[in-house]
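The values are calculated or read from the model by the stated rules, or taken from the named source; none is laboratory data. From a predicted model like this one, the values you see are computed outputs, not experimental measurements. Here the Cβ positions follow ideal geometry from the backbone for every residue, glycine too, while neighbour counts run over all protein chains shown.
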Amino acid sequence: MRFYIFILLLLCWACSDSTPTNRLSEDQMADILADIHLDEGKVSAMNIVSADTSVILYNRLERATLKRHGIDSTRFAKSFASYVQEPQDFIDLYKKVNAALAKKQQSKK
């Protein structure tokens, strides 16, 4: 009997809509991810020998980026995970990230 209840619950869970309604918009996520990728580039360009130091520096830059965008790390992580679970949404998101990075690169010239 427990097995049937487990199967019923599993089916109900599998059929539910998995896209959270409170995830960040694509434009907002794209801006944040573009800034995070720029932070990664900054850390990488520093040629820091110690991996621990690189991770610490990257984490500080990431926190500062999220704070600048007014988003906490939990909401960002949950939103990112929801985009990862939807492949087409994730592809569309990264098209916007690439466009945002290209725009930032053009503004530096």
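Values computed for the structure shown
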item	result
Every residue from the range 70-88 that is surrounded by 16 or more Cβ atoms within 10 Å (Cβ to Cβ), of a type outside the set (Gly, Ala, Ser) and either in contact (Cβ under 8 Å) with a residue 60 or more places away in the chain or part of a helix (DSSP H, G or I) (or both)	Phe76, Phe80, Tyr83
Options Asp39, Asp31; residue that is modelled with pLDDT under 95, assigned to a helix (DSSP H, G or I), among the acidic types (Asp, Glu) and surrounded by 14 or more Cβ atoms within 10 Å (Cβ to Cβ)	Asp39
Contacts under 8 angstrom Cβ, first residue in the range 34-63 being closer than 20 Å to Ala99 by Cα, partner at pLDDT below 90 and surrounded by fewer than 16 Cβ atoms within 10 Å (Cβ to Cβ), 6 or more apart	Ala34/Lys104; Leu38/Lys104
